[in-house]
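Everything below concerns the one structure shown next.
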């Protein structure tokens, strides 16, 4: 297997997980360079890489220069969400594979352009929905594939977290329509991805109610979504940044005719319920996955996500979270925003919408 050379673009809050992934996959990847417009942030991540992986990375403040000067295979993009699409398109145009943080874009047009460009240039496009690699989630999805739930009825994603105003003022792009969206797009999209992945991955219609209750931001700090899937199952999303006084839980529940499973904890990492009509050998393993919470809500799934992506590049296959998979949760959130704006159910197929189609008035509540 070829050892791939990576460039990390964006050295903010989530970039530490990309550094950890480089350290965890030393035989298959080398993080050759880190890039951030704020040189101190890039230097700090280069030092973190040195401490964890034992080697140096070049430091850049302009990713265009890095693309011109470096011999690299893959660009990992961990910038503000609103920049994901343009940076990805620039990297793809240089013939680089791309692994981009969620959401892959903030508009359906941009996301679709990324998919077309990756296909046209023969490169791999992946999206960082690392919670798919949580051990309980892997077992849950296997149970679904094995038919242990019988007819799927419904599923629920609950993201009950707290984000106070210092979180938003520390990085003013957060909570804006141009660069972020609200809690559904930023905090909840991982669990929304798991929900759609488990309920069939083909939404039909989306309805939503959102509001801005406590945080002085443009977008929503609370949102609820109903999703009808083409197989008849219904998904329910409850997402908030307003839980007092701190993060409470991120939970995925799946219900079928012959099975019921709840994966909870701080970051969908702990088995809370696992009931099936017919026992199976893996149930003994699942019983041991009650586990403990990770250090933070990001978990450690980036390590396995990187391993899966690298294997996909080397074998010319699609990663578990390809661009075609990553667009689905993003589109559900954008459909929810359109539903909030119009007050109507929104068809998933053919959706054409962007976060910037919203205004602050679209999420206001009385109070």
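Taken over the stretch 183-215, the criterion of being assigned to a loop (DSSP other than H, G, I, E, B) and in contact with a strand residue (DSSP E or B) (Cβ under 7 Å, 6 or more places away or on another chain) is satisfied by 187, 188, 199, 200, 202, 213, 214. Against the definition (within 26 Å of the chain's Cα centre (by Cα), without any contact (Cβ under 8 Å) to a residue 60 or more places away in the chain and surrounded by 22 or more Cβ atoms within 10 Å (Cβ to Cβ)), how does residue 9 come out, yes or no? No: the conditions fail for residue 9. Residue-level check: of (1) outside any loop (DSSP other than H, G, I, E, B); (2) more than 28 Å from residue 231 (Cα to Cα); (3) touching a residue at least 40 places away in the same chain (Cβ under 8 Å), residue 72 misses just (1).
If I filter the stretch 340-366 down to residues being touching a helix residue (DSSP H, G or I) at 6+ places or on another chain (Cβ under 8 Å) and part of a helix (DSSP H, G or I), which single residue comes out as surrounded by the fewest Cβ atoms within 10 Å (Cβ to Cβ)? Ranking the qualifying residues of the stretch 340-366, first place goes to 357. For the stretch 103-120, residues that are surrounded by 24 or more Cβ atoms within 10 Å (Cβ to Cβ) and in contact with a strand residue (DSSP E or B) (Cβ under 7 Å, 6 or more places away or on another chain) total 3. Scanning the stretch 12-23 for residues that are outside any loop (DSSP other than H, G, I, E, B) and either touching a residue at least 40 places away in the same chain (Cβ under 8 Å) or out of contact with any helix residue (DSSP H, G or I) (no Cβ under 7 Å at 6 or more places or on another chain) (or both) yields 15, 17, 18, 20, 21, 22. Has the stretch 13-32 got at least one residue that is surrounded by fewer than 19 Cβ atoms within 10 Å (Cβ to Cβ) and modelled with pLDDT under 95? Yes - at least one qualifying residue is present in the stretch 13-32. The residues of the stretch 75-89 that are more than 15 Å from residue 5 (Cα to Cα), in contact with a strand residue (DSSP E or B) (Cβ under 7 Å, 6 or more places away or on another chain) and outside any helix (DSSP H, G or I), listed by number, are 78, 79.
Restricting attention to the stretch 307-317, the residues being out of contact with any strand residue (DSSP E or B) (no Cβ under 7 Å at 6 or more places or on another chain) and within 15 Å of residue 132 (Cα to Cα) number 2.
Hey, among the residues in the stretch 295-339 that are at pLDDT below 95 and within 17 Å of the chain's Cα centre (by Cα), which one's surrounded by the fewest Cβ atoms within 10 Å (Cβ to Cβ)? The selected residue is 296.
Residues in the stretch 155-183 that are more than 19 Å from residue 210 (Cα to Cα) and touching a helix residue (DSSP H, G or I) at 6+ places or on another chain (Cβ under 9 Å): 155, 173. Looking across the stretch 24-50, just one residue is closer than 19 Å to residue 129 by Cα and part of a helix (DSSP H, G or I), and that is 24. Residue 92 fulfils the conditions (1) more than 17 Å from the chain's Cα centre (by Cα); (2) assigned to a strand (DSSP E or B); (3) buried (at least 20 other Cβ atoms within 10 Å of the Cβ) except for a single criterion, (2). Taking the criterion of being crowded, with 18+ Cβ neighbours inside 10 Å and either outside the structural domain of residue 290 (by TED's automatic domain parsing) or in a loop (DSSP other than H, G, I, E, B) (or both), the residues of the stretch 136-181 that qualify are 148, 149, 161, 163, 174, 175, 176, 177, 179, 180, 181. Annotation note: of 123, 100, the sole residue that is in contact with a strand residue (DSSP E or B) (Cβ under 8 Å, 6 or more places away or on another chain), part of a loop (DSSP other than H, G, I, E, B) and surrounded by 17 or more Cβ atoms within 10 Å (Cβ to Cβ) is 123. What number of residues within the stretch 250-287 satisfy the criterion of being within 19 Å of residue 146 (Cβ to Cβ) and not in a strand (DSSP E or B)? The number of residues fulfilling the criteria is 13.
The values are calculated or read from the model by the stated rules, or taken from the named source; none is laboratory data. Since the model is a prediction, treat every value here as computed from it, not as a measurement. Quick reminder, even Gly has a Cβ in these numbers, built from the backbone with ideal geometry, and neighbours come from all protein chains shown.
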